[in-house]
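Colleague: To start, I am sharing the structure in question, which I have written as structure tokens.
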Amino acid sequence: MQTTEKTIADEQREWEQLTLLPFTARRPESREAFRTQGGAVLERVYTPAHVADIDFSRDIGFPGQFPYTRGPYPTMYRAQPWTMRQIAGFGTADDTNARFRFLIAQGQTGISTDFDMPTLMGYDSDDVRSEGEVGREGVAIDSVDDMLDLYAGIDLEQISVSMTINPSAWILLAMYLVVAEERGFDRTKLSGTIQNDIIKEYVAQKEWVYPPRPAMRIVRDTITYSAQHLPRYNPVNVSGYHTREAGSTAIQEVAFTLAAGIAYVEEVVKAGIDVDDFAPRLSFFFVSQIDFLEEVAKFRAARRVWARAMKERFGARKPESMRLRFHCQTAGVSCTAREPLNNIARTAIEALAAVCGGAQSLHTNGYDEALSIPSEPAMKIALRTQQIIAEEVGIGGTIDPLAGSYALERLTADIEKGCFDYFAEVDKRGGVVKCLEDNYFQMELADAAYDLHRRKEASERHIVSVTKYRDDSANPVVELHHADEGAADRQLARLRKTKAARDANAVSRALDEIVRVAKTDENLMPATIAAVKARATGGEIVNALRPVFGTYVETPVF
Amino acid sequence: MIARRAHRDLARAITSVENGIADYQVTAARLAAQGHRREGAGHAAIIGVTGPPGAGKSTLVDRLIEGFRANGETVAVIAVDPSSPFTHGAVLGDRVRMQRHAGDAGVFIRSMASRSAGGGLAPATRDAVRLADAAGFDVVVVETVGVGQVELEIVAVADVIVVVTVPALGDSVQTIKAGLTEIADIFVVNMADRPGANATAVDLKHMVREGKREIPVLQTIARDGTGVSELFAALGARRGAEDSNAVRAVRFELVRRARDEAVRHALAALDSPDAAAILERLRAHELTRNDAIDLLLPMLGGPVHAH
Amino acid sequence: MPIKVLVAKPGLDGHDRGAKIVARALRDAGMEVVYTGLHQTPEMIVTAAVQEDVDVVGVSILSGAHMTIFPKIMALLKEHDVDDIAVVGGGVIQEADIPKLKALGVREIFNAEATTQELIDGIERIVGETGRDRSRREAGAAR
């Protein structure tokens, strides 16, 4: 082996002298360095010498086997394609329910729910801070009555339901469980996900209510409750999507996300639960950006890093605890407002990267992503894009098809190393929550975002129709989703109706009980479920706990 | 009570002095003409808050606002952030932590870029404080830049100076030793729920004991308000004894003039033929830098330290 | 003397990447930038604009609530008698809404494609037009 490698390195030097240099002397390369979207510098060409430190059995191996580089399952898409899960949410519960039914009729196999900003931030629709935002960027959910209508007519034992919700996730989970109960479904058969990843909120997405420490306790309570009562439910979907969209590097996306995963595991293990009793239900969420090769490497690296971290840090024994499963969404920031139909091509490439990287479920963005929430035609083409990849391309016939590419394996190993370097730094700084409080992740992200922005402005990479091939004479008009101006009023009427019909004394007793529990170390879930059942609203529950938990104020970093 | 209108007029008055458009006398007279000079103006309590970056100064100031308002006093805050020495631009972010008072007409918050000034304040900070006082605010809080150096200029502006630090800021106690005992009226160890808080407080108390003045050392958690009532008690005690500040201000002014004099003297000495000869030997690589310093030091006339 | 800009993030959305990059770029262009932090109400933004006596308020909105938030900000600036402060906007704002916002008195909308240089030039131009130095005018009037 040793002599072969030397020979290859020698051969490369020879090639550079004899072939490359005379060629570039006549015709120089177009730029000095080629960087990936995520910021890594690419070699001109990769050879076996670049992957000499990578051992097939130790680092690559087989799908469904440690370290899971090639995929969490031994059959992957040969068994069934990924779950096609287009997110939807706007207006009132009825409006969104109609969109869900449309998507299911088009062949979608999972549901994903987008909530409006007030719901995400824990404000009711009648709160003064909600004005102008009710039902605008997602569906408005104030009480369990809304949740009942949101999933009306959908068999919750059959279809998995994902909810993109964070600081108020535990309340929405409680509502979901009450809906299941009132409709007679078996809790143990419910499959689905709440995002519930509060750590990345402080880093990137900025949806928060309480400071990090009480917020971590809430996440812990949802995980332990799920471990005991909801065997098929994913109580947290640790997310890198928002960090990357906010301008991080690919390494930061994976490193911060898996560091958050480690922090949740630590928190729950500290509460006395065996790692193998809940780790199998942790799931992840990454973006698929436009840089095809780097993205495929990123997904493979994420699986390998997680498997090693779970085994080495926590002594996980079950394979399910070590294999990382992830949802993927194509990159919103890669979409342009100019010539929006071009976004279909971008999204297709990103979706293909997600599939080559072994995603378990996928959302493809609508071509109108940069303009508004998606219209029905935009969503249909986005879903069709996935269906074309699944049915026509044939990429699922062999597992991890790009493995063994020198470039891909090198990038995979580099991302892995970058992650472990970050883990060491985080440990040195006193752990993830401490790093959040000290703005460590936030500062790392701010620097990367500014660097990315400057590279973008320097046109290191062109954006077609924006910085290159710009055609100001023709910007085709597309039909956009129109915000329904009546939706907010309809939602306010729904909320009034719920409040009028409920037993106000029962609500106030239930809220008192939540406050009592919050002051102890008991699990918040049972008291929250009781309050939701009594028709307490999300905003009422959130506000009741503000005096106990405090309110978070960010120290902005630039 | 402060009229909403006064906020606009005070804000514009501060801009005038900040941009050198009008001096303090003119702007103060204009404020008075606009009807914002209350009876008994010119008697605001002026509180300086200084300390290293990341010590939680703004959060503590937010707690001070809350406390003064609960006591019925109106509060103006002047928060200074650093200007870039290269572009002269600045990002002023201190008010983020005080935004919950935005609806309260009894609270006025103004950010100032330090512009070219050193010492933790902006050139116009002193005038801004006087204008806020003239406009009728009961308390004016000045938050210094906090770039980690000792910021002595605050002495010339504030009646009471709170020096904030946190545990585990490594060399923060060392930093404080470098001169803050001279200016502090109250030491606050903020983020006292972090490891090392007690040790930091003990270190500070030892240091205070070596000095001449009695300086309380308090522990707070500004984030949740722990220890803030003790800080108010200490502030109350200090506000009753403002004359001590006059002595301190004079001491500070004398130190500053002595320093300026020493600098002038040193610069003159370096122009002498003897000094020039030594520097020439340094240029010719006949001397090391340390040798040159050893030879030059005695010529400066000031105190000589071995290094 | 430096141009002073308030960079404001109203509404509930937390997409502050653009606002922060703008803040950093304006600082690097020699401006003094006051940042409000996230989740600001129009009242908080206008209070900050008044107290900081800025030349320009830059409002970044990606939540779709711009047609609710801008009218409130414009009305409050008038109410406080500081409607000589220029207001500009950025974020995700649909083409069709831009004329409506300009009719309200919003001076310029910088969409996501605008470069930081365009933004800096735009702000300098606007301040030049409105006559930076309201304070200079007023000082003159007082003399």
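Colleague: Right, A:ALA527: closer than 27 Å to A:GLU133 by Cβ and either modelled with pLDDT under 95 or of a type outside the set (Phe, Trp, Tyr) (or both) or not?
Modeller: no
Colleague: How many of the residues in the stretch C:85-117 are within 12 Å of chain A (Cβ to nearest Cβ) and either of a type in the set (A, V, I, L, M, F, W, C) or buried (at least 21 other Cβ atoms within 10 Å of the Cβ) (or both)?
Modeller: The total comes to 6.
Colleague: While we're here: Using the structure shown, decide if B:GLU18 is touching a residue at least 40 places away in the same chain (Cβ under 8 Å) and not assigned by TED's automatic domain parsing to the domain that holds B:LEU131.
Modeller: Against the criterion (touching a residue at least 40 places away in the same chain (Cβ under 8 Å) and not assigned by TED's automatic domain parsing to the domain that holds B:LEU131), B:GLU18 qualifies.
Colleague: If you don't mind, another one. Quick check: is even one residue across the stretch A:102-115 crowded, with 24+ Cβ neighbours inside 10 Å, touching a Gly at 6+ places or on another chain (Cβ under 8 Å) and not β-branched (Val, Ile, Thr)?
Modeller: The answer is yes; a qualifying residue exists.
Colleague: Taking into account only those residues within the stretch B:13-46 that are under 16 Å from C:ASP55 (Cα atoms) and surrounded by fewer than 22 Cβ atoms within 10 Å (Cβ to Cβ), which is modelled with the highest pLDDT?
Modeller: My answer is B:ASN19.
Colleague: For the stretch A:167-253, which helices (runs of 4 or more DSSP H) that fit wholly inside it have 3 or more residues that are of a type in the set (A, V, I, L, M, F, W, C) and under 21 Å from A:VAL275 (Cα atoms)?
Modeller: Here the list reads A:212-229.
So that you can scan it fast, the table gives a plain yes or no per residue for (1) at pLDDT 95 or above; (2) of a type in the set (A, V, I, L, M); (3) within 26 Å of A:GLU253 (Cα to Cα):
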residue	(1), (2), (3)
A:THR4	no, no, no
A:GLU16	yes, no, no
A:LEU20	yes, yes, no
A:SER30	no, no, no
A:ALA33	no, yes, yes
A:ALA40	no, yes, yes
A:TYR46	yes, no, yes
A:VAL51	yes, yes, yes
A:PHE56	yes, no, yes
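Colleague: Restricting attention to the stretch A:65-86, report how many residues are among the β-branched types (Val, Ile, Thr) and over 16 Å from A:GLY107 (Cβ atoms).
Modeller: Matching residues across the stretch A:65-86 total 2.
Colleague: Would you point out the residue of the stretch B:61-83, among those that are touching a Gly at 6+ places or on another chain (Cβ under 8 Å) and in a strand (DSSP E or B), that is nearest to B:VAL141 (Cα to Cα)?
Modeller: The residue in question is B:VAL75.
Colleague: Applying the selection to the stretch A:314-340, what residues are more than 15 Å from A:ARG303 (Cα to Cα) and outside any loop (DSSP other than H, G, I, E, B)?
Modeller: Of everything in the stretch A:314-340, those that are more than 15 Å from A:ARG303 (Cα to Cα) and outside any loop (DSSP other than H, G, I, E, B) turn out to be A:PHE314, A:GLN329, A:THR330, A:GLY332, A:VAL333, A:SER334.
Colleague: Also, I was wondering about something else. Every residue in the stretch B:71-117 that is facing another protein chain (nearest Cβ under 8 Å), out of contact with any Phe, Trp or Tyr (no Cβ under 6 Å at 6 or more places or on another chain) and among the small types (Gly, Ala, Ser), please.
Modeller: B:SER83, B:SER84, B:GLY89, B:ALA90, B:ALA102, B:GLY103, B:SER111, B:ALA113
Colleague: When you go through (1) under 24 Å from B:ALA6 (Cα atoms); (2) aliphatic (A, V, I, L, M); (3) at the interface with another protein chain (Cβ under 7 Å from one of its Cβ atoms); (4) in a helix (DSSP H, G or I) one by one for C:ILE21, which number turns out not to apply?
Modeller: (1)
Colleague: Against the conditions (1) buried (at least 23 other Cβ atoms within 10 Å of the Cβ); (2) touching a helix residue (DSSP H, G or I) at 6+ places or on another chain (Cβ under 8 Å); (3) of a type outside the set (D, E, K, R); (4) within 7 Å of another protein chain (Cβ to nearest Cβ), where does C:ALA29 fall short? Just the number, please.
Modeller: Against the list (1) buried (at least 23 other Cβ atoms within 10 Å of the Cβ); (2) touching a helix residue (DSSP H, G or I) at 6+ places or on another chain (Cβ under 8 Å); (3) of a type outside the set (D, E, K, R); (4) within 7 Å of another protein chain (Cβ to nearest Cβ), C:ALA29 comes up short only on (1).
Colleague: Now a separate question. Confirm whether A:THR119 is among the polar types (S, T, N, Q) and crowded, with 24+ Cβ neighbours inside 10 Å.
Modeller: Answer is yes for this residue.
Colleague: For the stretch A:432-514, which fully contained helices (runs of 4 or more DSSP H) count at least 3 residues that are more than 30 Å from A:GLY247 (Cα to Cα) and more than 14 Å from chain C (Cβ to nearest Cβ)?
Modeller: Hits in the stretch A:432-514: A:487-501.
Colleague: Just checking, which of A:ARG183, A:ARG187, A:ARG220, A:ARG232 is more than 14 Å from every other protein chain (Cβ to nearest Cβ), on the phi < 0 side of the Ramachandran plot and either small (Gly, Ala, Ser) or buried (at least 17 other Cβ atoms within 10 Å of the Cβ) (or both)?
Modeller: So the residue among A:ARG183, A:ARG187, A:ARG220, A:ARG232 that is more than 14 Å from every other protein chain (Cβ to nearest Cβ), on the phi < 0 side of the Ramachandran plot and either small (Gly, Ala, Ser) or buried (at least 17 other Cβ atoms within 10 Å of the Cβ) (or both) is A:ARG220.
Colleague: So which of A:GLU339, A:GLU376, A:GLU320 is at positive phi and over 18 Å from the mean Cα position of the chain (by Cα)?
Modeller: A:GLU339
Colleague: Here's something else I'd like to know. Among the residues of the stretch C:9-16, are any surrounded by 22 or more Cβ atoms within 10 Å (Cβ to Cβ), among the small types (Gly, Ala, Ser), facing another protein chain (nearest Cβ under 7 Å) and not in a strand (DSSP E or B)?
Modeller: Yes: the stretch C:9-16 contains one or more residues that are surrounded by 22 or more Cβ atoms within 10 Å (Cβ to Cβ), among the small types (Gly, Ala, Ser), facing another protein chain (nearest Cβ under 7 Å) and not in a strand (DSSP E or B).
Colleague: With the requirement that a residue be free of Cβ contacts under 8 Å to residues at least 40 places away in the same chain and more than 9 Å from chain A (Cβ to nearest Cβ), what does the stretch C:57-71 give you?
Modeller: C:PHE70, C:PRO71
Colleague: Any residue in the stretch A:272-279 that is surrounded by fewer than 19 Cβ atoms within 10 Å (Cβ to Cβ) and among the β-branched types (Val, Ile, Thr)?
Modeller: Yes, the stretch A:272-279 contains at least one residue that is surrounded by fewer than 19 Cβ atoms within 10 Å (Cβ to Cβ) and among the β-branched types (Val, Ile, Thr).
Colleague: Could you list, in sequence order, all residues of the stretch C:71-105 that are in contact with a Phe, Trp or Tyr (Cβ under 7 Å, 6 or more places away or on another chain) and closer than 30 Å to A:SER459 by Cα?
Modeller: Hits for the stretch C:71-105 are C:VAL88, C:GLY89, C:GLY90.
Colleague: Pairs, please: C-beta under 7 Å, at least 6 apart or cross-chain, first residue assigned by TED's automatic domain parsing to the domain that holds B:THR50 and in the stretch B:186-199, second crowded, with 17+ Cβ neighbours inside 10 Å and among the small types (Gly, Ala, Ser)?
Modeller: B:ILE186/B:ALA234; B:VAL189/B:ALA197; B:VAL189/B:ALA201; B:ASN190/B:ALA55; B:ASN190/B:GLY56; B:ASN190/B:ALA222; B:MET191/B:GLY56; B:ALA192/B:GLY227
Colleague: Need the failing condition index for A:ALA544 against (1) free of Cβ contacts under 8 Å to residues at least 60 places away in the same chain; (2) farther than 18 Å from A:LEU172 by Cβ, just the number.
Modeller: Failed condition: (2).
Colleague: Being more than 14 Å from chain C (Cβ to nearest Cβ) and buried (at least 22 other Cβ atoms within 10 Å of the Cβ): is that true of B:VAL49 here?
Modeller: Taking the combined requirement at face value, the residue satisfies it.
Colleague: Scan the stretch B:11-23 residue by residue and report those that are among the hydrophobic types (A, V, I, L, M, F, W, C) and more than 8 Å from chain C (Cβ to nearest Cβ).
Modeller: Correct list: B:ALA13, B:VAL17.
Colleague: Only residues that are surrounded by 19 or more Cβ atoms within 10 Å (Cβ to Cβ), more than 23 Å from A:LEU148 (Cα to Cα) and over 29 Å from the mean Cα position of the chain (by Cα): list them for the stretch A:503-543, please.
Modeller: A:VAL517
Colleague: Oh, and also: Do you know which residues across the stretch A:522-541 are of a type in the set (Asp, Glu) and either within 14 Å of chain B (Cβ to nearest Cβ) or in contact (Cβ under 8 Å) with a residue 60 or more places away in the chain (or both)?
Modeller: Scanning the stretch A:522-541 gives a single hit, A:GLU540.
The values are calculated or read from the model by the stated rules, or taken from the named source; none is laboratory data. Computed from a prediction, not measured in an experiment: that's the story for all the values here. Methodologically, a virtual Cβ is constructed for each residue, glycine included, from the backbone with ideal geometry; neighbour enumeration extends over all protein chains shown.
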